[in-house]
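See below for the structure under consideration.
Since every read-out is calculated from the coordinates, none of them should be taken as a lab result. Here the structure is a predicted model, which is why all the values come from computation and not from measurement. Here the Cβ positions follow ideal geometry from the backbone for every residue, glycine too, while neighbour counts run over all protein chains shown.
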Amino acid sequence: MRSKTRGAIQCEHRDLPISVVNNFGTILKGDSCGMIRLESATTEESMPRTPQPHHTRVLITSGFWRAYQTLNHERVIPYQWRALNDEIPDAPKSHSVENFRIAAAMSQGDYDGMVFQDSDLAKWIEAAGYAIENARDDSEFPAAARQTLEQRVRHVVDVIAAAQQPDGYLNTYFTVKRPDARWSNLRQAHELYVAGHMIEAGIAVFRGTGDRTLLDVVIRLADHIATVFGTEPGKKRGYPGHQEIELALIKLYRTTGETRFLDLARYFIDERGRTPYYFDAEATSPDFVRIWNSPLVHDYQQSHLPVREQVDAVGHSVRAMYQYVAMANLAIETGDAALAQACRALWESTTGRRMYVTGGIGSTSAGEQFTIDYDLPNDTAYAETCAAIGLFFFAHRMAVLDSDARYADVAERALYNGVISGLSLDGERYFYVNPLAVDPRVCDTNGTYAHVKYRRQPWYGCACCPPNIARLLASLGDYAAHATGTTLYLDHFMNGTVSATLEPGPLEVEVGGDYPWDGAVTVTVSDAPASDTTIAIRLPGWCDGPTITVNDEPVKVAAVLQRGYATLTRRWRAGDRIAVDLPMPVRTISADPRVKSSFGRIAVQRGPLVYCLEEADNRTGLHTVALASVPDFQVAHRDDLLGGVTVITSAGTTVALQACDDTLYRAPAYPPGRTDATLTFIPYYAWANREPGEMVVWVLAG
């Protein structure tokens, strides 16, 4: 990376004054959407014209999510670095770093991996950038570990910068393997998707270190893309087959204040689905280079209709989520009412009719996509980890768009269940697919279940999910809260310091508690403006009868409840204390009767956590288990189990399979009656961390 001096970043355009210094140099403040406050500018062409305000910053300091961020810093990110450098024995090779070295003429060899292999490294860099940002503000983070991570980032960014082509193009597949085929197959080659992830990586490194090297690289890349696509004569009227560039460009706009990036994002969003269809023309072009023999189905990549006319969640679920995030972002930035309304319709389709109880989406392995309303099979569920992450992002942006806690409720459901289920408790194994019922013996013999694993994997040839988890965990503080006007919204209960710049001035609070195991949450004010402001605390939809006190004085919840938030307005002073109690009884849930696979069955939930039965705690034949008609739920926290979890037990019944004879079909009176059993439920996210065995979320109703 370019040299730095204390007090300024040396870059090709100018020096930037600094506010905080770490080993990389300057640290510039960032907000919940990746917005950067650049303190001054000396060259108009390279500095933002309209810097965005620093709204919220959350530093997670203890509790459940601090443990996950520590795991991410200490195990996940280092392990993934080894995977990307092909240093994990018996794991599929990545070749991701080596592809960049080859493209930069630092190494000899052939390109290897998926056509979008660059994106794995980009997501890892993004995770590392946010981890460095967290470490900068965290005195307990080991300095040696931070320095090692910074050195790795510095090294790989230099390689990427060297691989960039003179015109700004950056993609190792086409640079190394098909330099004559750039932009010839937007539907399949994913050049714009890869570019989007690299843009997000550049922003994260800038936020974490203050170094502009990768940020300048991706600005050049974005400017190159703008010379290729658009409505002007000679440009392609195309858009990505896999959405990502749109939301990345909006984040780049927020980072730099440069409206050209917002305009380019708006172009890609507005152009999508217009007729004549770009992908039809592309497929018949003499320049078209086929990557896969997949049929052209427009709704698969959500290009069947202009985005403002789309109302059903269709096609590849990850692509859909990234598109919806970008649409919501653009609606927030521009006030586009039609775009916002389309987002609401797509939200209702996604979460009201096509989402699993775990927050998973995308029910079929055939194309990793949505099918029809209420088609949510449990044992063949796809529910890709990346799709749950995409839903989390979409939910966060909708909460910002509408200031409605129901969106954050879904974000919480996805995060605590469908996202972290994709990561093993030791941080070194992954699920791409997150089923709601598993029988290892069937998975090993029936090809219908080839996509379903009962052991997390060390890596994947298509490794989109592992670094996606890492980047989300590293950036979790960006999603815990948001601010607008005079209001700070606390969307998620993550212990730590929440800092917000409201219209009247800065507001800072400390959030504490033992969530998600306990519903007692405290919010203590440490700094506040000298005028009225509002602290809006989400009261989860799963919670009945929450109570609130302010400085030990009871608050009438009904009087302050607005769209799921308890809105507490006053002139806050340092030391003011809000105590929130969210009762957490065990709840049973039934699915809409149109969900055939779960009809007559119930799921168990406590707080935000969905629970499951696992063979290790119960027995085989979990499909026969029935919960008692009047469950006697007992709750106990087990520090010695699965890294420390709250376990639920209840009376139930099961069928003694060994008592059956060899008659395959028989009269209903046989086999003999059900036998009593004590059922032990664990959080769904923690399953498959012990010996292999059956697992089921939905159990028979007693």
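For region 297-422, a simple Cβ point-charge model (Lys and Arg +1, Asp and Glu -1, everything else neutral) yields a dipole of about 120 debye relative to the Cα centre.
So if I place +1 on the C-beta of Lys and Arg and -1 on the C-beta of Asp and Glu, and nothing else carries charge, what would the dipole magnitude of the chain be about its Cα centre? I want it in debye, nearest 20. The dipole of the chain has a size of about 440 debye. Is the shape of region 383-472 best called rounded, prolate or oblate, per the rule: a/c under 1.5 gives rounded, else a/b larger than b/c gives prolate, else oblate, with a ≥ b ≥ c the square roots of the Cα gyration tensor eigenvalues? Prolate. Residue exposure proxy: Leu561, Leu149, ordered by other Cβ atoms within 10 angstrom of their Cβ from fewest to most, comes out as Leu561, Leu149. Calculated mean residue ellipticity, 222 nm, the chain: -9500 deg cm²/dmol, from DSSP H runs (n ≥ 4) at -39500 (n - 2.57) each, averaged per residue and rounded to 500.
Cβ-to-Cβ counts within 10 Å put His304, His73 in ascending order as His304, His73, the fewest first.
How much length, in nm to one decimal, is gained on full extension between Lys177 and Thr678, taken as 0.36 nm per residue of separation minus their Cα-Cα distance? Intermediate results must be reported in sequence, preceding the final value.
Working: separation 501, 0.36 × 501 = 180.36 nm, distance 5.93 nm.
Gain on extension, Lys177 to Thr678, equals 174.4 nm.
Pairs of Lys residues in the chain, spaced 8 or more positions apart or belonging to different chains, with C-alpha separations under 30 angstrom: 18 in total. Between amide H atoms placed 1.01 Å from N, distances below 5 Å from Gln562 occur with Thr567, all of them 5 or more places distant or on a separate chain. Comparing Cα centroids, region 265-327 and region 444-485 end up 24 angstrom apart. Using R0 = 22 Å, the C-beta based FRET efficiency linking Asp86 and Gln108 works out to 0.90.
Set against the labelled values (i) 26.3; (ii) 27.1; (iii) 30.1, Kirkwood radius over Cα pairs in Å computed from this structure falls on (i). Restricting the chymotrypsin sites (Phe, Trp or Tyr not before Pro) of region 561-658 to loop positions (DSSP other than H, G, I, E, B) with no more than 16 neighbouring Cβ atoms within 10 Å leaves Phe599. Taking Lys and Arg as +1 and Asp and Glu as -1, the other residues whose beta-carbon sits under 11 Å from that of Trp572 total 0. Rounded to the nearest 20 debye, the dipole size of region 31-296 about its Cα centre is 280 debye, using +1 on the Cβ of Lys and Arg and -1 on the Cβ of Asp and Glu.
The residue among Ile88, Trp572, Thr231 whose Cα reaches farthest toward the positive pole of the charge dipole of the chain, with charges on the beta-carbon of Lys, Arg, Asp and Glu, is Thr231.
Let a ≥ b ≥ c be the square roots of the eigenvalues of the Cα gyration tensor of region 31-296; is it rounded (a/c under 1.5), or, if not, prolate (a/b larger than b/c) or oblate? Verdict is oblate for region 31-296.
Expressed as a rounded percentage, what relative contact order does the chain have, with Cα pairs under 8 Å and six or more residues apart? Display every interim value, and only then the final one.
On the way: 1537 pairs, mean separation 84.9, N = 702.
With pairs under 8 Å counted, the relative contact order is 12 percent.
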